[in-house]
Amino acid sequence: MSPQTGGGNLRDSLRTQLWPVPLAATLAAVLLGHFVPYLDRQLQDQLPGVLSGLLFGGGPEAAQAVMQTIAGSLITVTSLTFSLTVVTLQLASSQFSPRLLRTFSRDTFVHNTLALFLATFVFALTVLRSIRAETSEGEGFVPRIAVTVGFGLTLASVIALVFFLAHLATQIRVETMMRDVHDEADETIDRIFPRDEDARAVDLAGSGPGAVLIESAVSGFLLGIDATAACAAAVKADAFVVIDAVPGHSLISGVPFARAWATDGRALDGQRLIDLSDGLTGSLSKGFERTSTWDAGYGLQQLLDVASRALSPGINDPTTAVHALGHISAVLCTLATRQTGPKLYVDERARPRVILNYPTFENLVDQVMRQMVRYALDDPRTAERAVRMLRELSWVVGPGPDGVAIQDRVAAVRVALATAELSADEKRRLLRECDSVAEACTGSWSMP
């Protein structure tokens, strides 16, 4: 019937935190550090000779030295790994975009590497407690299996460190970052606008008789809306609700985010309105930063930030901007094949109850072109790539309302080119490219 946004936002929040996987691994290492020495005590006289020969063969002093060395070296390596991760985050924030930090912080390879290092460190410390030297008060004890396991974890950590450094060198490349953002944007599109979805166009304009405004009780970014909970609130109040706020936009306490009107002819006021407002507020997922879970425009905004930052005088990297526009074009072409825009949800009796507002294809193209007309048209390469992006979109959408919207953006580009800091030859060439956008809409594609 509807998407459940709460669980998706919680999973996304946990995936972008560095602590859950290392914490789970640390707790598992504590348990393993107690269990393996216990297993050693139970099996110390029952192991076959071949297997016993593969285990650690030193005495208590040697075992303590080995585990102390493991613990000391692993905490140093963990600190180095964490420092490199922080440096990478700072580089991504300053060089490309602060909104790319979530892409790095959700990297499972980093999570698992930190988890392995911390688990090895904690396992070594825990096993150290069970090693006993022989004294007059009792016999010595060397957990041979546990020390061998610690040695194996150390070897795995060394191998993981090598792969982590190689992985980090790949992740800090801007091409890798844009690829990850592109993949994440495609996942978001599939989640919000599924392929082959049979959905009718919904018009947000207009309101029913006696419509009232629902004010937000909190401030923050709207991360998503649980349509099932919103429908339940509308059914309870016997009302029809239009939620005008779009995931990714800001909610401001005391400012309307939705409209509602009764479907039974009675006034929508008093306790009935309070219950509806509380139910709708409870259906919203809020946060202090945007996420890609239900925000259709967030991936595009990340790519736009990379392109705009690359075109700034301090960086001056038009090649990166051209590559970013290529990814943006691919995302928009995918959106052009989906049924975008607001969605209507019905109750169990198939009666319309809630309209959730999602951006249309035209909205998202406008989001891209407003920024690119401002920043991209003073550089010949990025200006040409921006116009070619419109040509690619025009080919995909063909004639129709979306095609008209693209032609409107071409008209804006023509106006901006008049004042762009380009040579006369470059302007004439770009104007010819603008002419080819209309040709592509009719199914004509001339190769350059």
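The single condition among (1) open to solvent by 20 Å² or more (accessible area, probe 1.4 Å); (2) without any contact (Cβ under 8 Å) to a residue 40 or more places away in the chain; (3) closer than 24 Å to Pro359 by Cα; (4) touching a strand residue (DSSP E or B) at 6+ places or on another chain (Cβ under 9 Å) that Leu251 does not satisfy is (1). Selection within the range 332-382: residues that are in contact with a helix residue (DSSP H, G or I) (Cβ under 6 Å, 6 or more places away or on another chain) and small (Gly, Ala, Ser). The member of this set that is surrounded by the fewest Cβ atoms within 10 Å (Cβ to Cβ) is Ala336.
The set of residues in the range 314-356 that are touching a Ser or Thr at 6+ places or on another chain (Cβ under 7 Å) and among the small types (Gly, Ala, Ser) comprises Ala321, Gly341.
I want to confirm something. Restricting to the range 234-248 and keeping residues that are assigned to a helix (DSSP H, G or I) and open to solvent by 10 Å² or more (accessible area, probe 1.4 Å), which single residue is farthest from Gly208 (Cα to Cα)?
So the first thing to find is which residues in the range 234-248 are assigned to a helix (DSSP H, G or I), and the list is 234-237.
Retained after the next criterion (residues that are open to solvent by 10 Å² or more (accessible area, probe 1.4 Å)): 235-236.
Details: Val235: 16, Lys236: 18 Å.
Among those that are assigned to a helix (DSSP H, G or I) and open to solvent by 10 Å² or more (accessible area, probe 1.4 Å), it is Lys236.
Per the listing Val110, Val147, the residue uniquely more than 28 Å from Gln17 (Cβ to Cβ) and either out of contact with any strand residue (DSSP E or B) (no Cβ under 6 Å at 6 or more places or on another chain) or not in a strand (DSSP E or B) (or both) is Val147. For the range 212-233, a residue qualifies if it is surrounded by 17 or more Cβ atoms within 10 Å (Cβ to Cβ) and of a type in the set (A, V, I, L, M, F, W, C), and the qualifying residues are Val212, Ile214, Phe221, Leu222, Leu223, Ile225, Ala227, Ala229, Ala230, Cys231, Ala232, Ala233. When Leu300, Leu304, Leu280 are checked against the criterion of being in contact with a helix residue (DSSP H, G or I) (Cβ under 9 Å, 6 or more places away or on another chain), in contact (Cβ under 8 Å) with a residue 12 or more places away in the chain, within 18 Å of Ala217 (Cβ to Cβ) and surrounded by 14 or more Cβ atoms within 10 Å (Cβ to Cβ), a single residue qualifies: Leu280. Remark: pairs (first residue in the range 309-335, within 10 Å of Met389 (Cα to Cα) and in a helix (DSSP H, G or I); second residue open to solvent by 40 Å² or more (accessible area, probe 1.4 Å) and among the hydrophobic types (A, V, I, L, M, F, W, C); Cβ separation under 8 Å; 6+ apart in sequence or on different chains) = Cys333/Val396.
Are any of the residues in the range 158-172 under 17 Å from the mean Cα position of the chain (by Cα), in a helix (DSSP H, G or I), in contact (Cβ under 8 Å) with a residue 24 or more places away in the chain and surrounded by fewer than 22 Cβ atoms within 10 Å (Cβ to Cβ)? Yes - at least one qualifying residue is present in the range 158-172. Restricting attention to the range 15-62, which residues are within 24 Å of Leu128 (Cβ to Cβ), touching a residue at least 60 places away in the same chain (Cβ under 8 Å), open to solvent by 50 Å² or more (accessible area, probe 1.4 Å) and not in a helix (DSSP H, G or I)? Matches in the range 15-62: Gln44, Gly57. No other residue among Pro60, Pro22 is under 25 Å from Ser157 (Cβ atoms) and either at pLDDT below 90 or touching a strand residue (DSSP E or B) at 6+ places or on another chain (Cβ under 8 Å) (or both) apart from Pro60.
Considering Leu91, Leu128, Leu100, which residue is in contact (Cβ under 8 Å) with a residue 12 or more places away in the chain, farther than 27 Å from Val331 by Cα and of a type in the set (A, V, I, L, M, F, W, C)?
Leu128
Counting just the residues of the range 254-277 that are in contact with an Asp or Glu (Cβ under 7 Å, 6 or more places away or on another chain) and of a type in the set (Val, Ile, Thr), which one comes out surrounded by the most Cβ atoms within 10 Å (Cβ to Cβ)? Looking at residues that are in contact with an Asp or Glu (Cβ under 7 Å, 6 or more places away or on another chain) and of a type in the set (Val, Ile, Thr), I get Thr263.
Of the residues Leu222, Leu276, Leu300, which is touching a His at 6+ places or on another chain (Cβ under 7 Å) and not in a loop (DSSP other than H, G, I, E, B)?
Only one candidate passes the filter, namely Leu222.
Count of the range 341-359 residues, restricted to those that are farther than 26 Å from Asp238 by Cβ and modelled with pLDDT under 95, is 1.
Looking only at the range 409-448, filter to residues that are in contact with a Leu (Cβ under 8 Å, 6 or more places away or on another chain) and basic (Lys, Arg); which one of those is nearest to Val396 (Cα to Cα)? Only one residue tops the list, namely Arg409.
The values are calculated or read from the model by the stated rules, or taken from the named source; none is laboratory data. Just so it is clear, the model here is predicted, and its values are computed rather than measured. Every residue, glycine as well, gets a Cβ built from its backbone with ideal geometry; the counts of neighbours run over all protein chains shown. Just the protein is used for accessible areas: all its heavy atoms, side chains included, with ligands, DNA and RNA removed. Shrake-Rupley method; radii C 1.70, N 1.55, O 1.52, S 1.80 Å.
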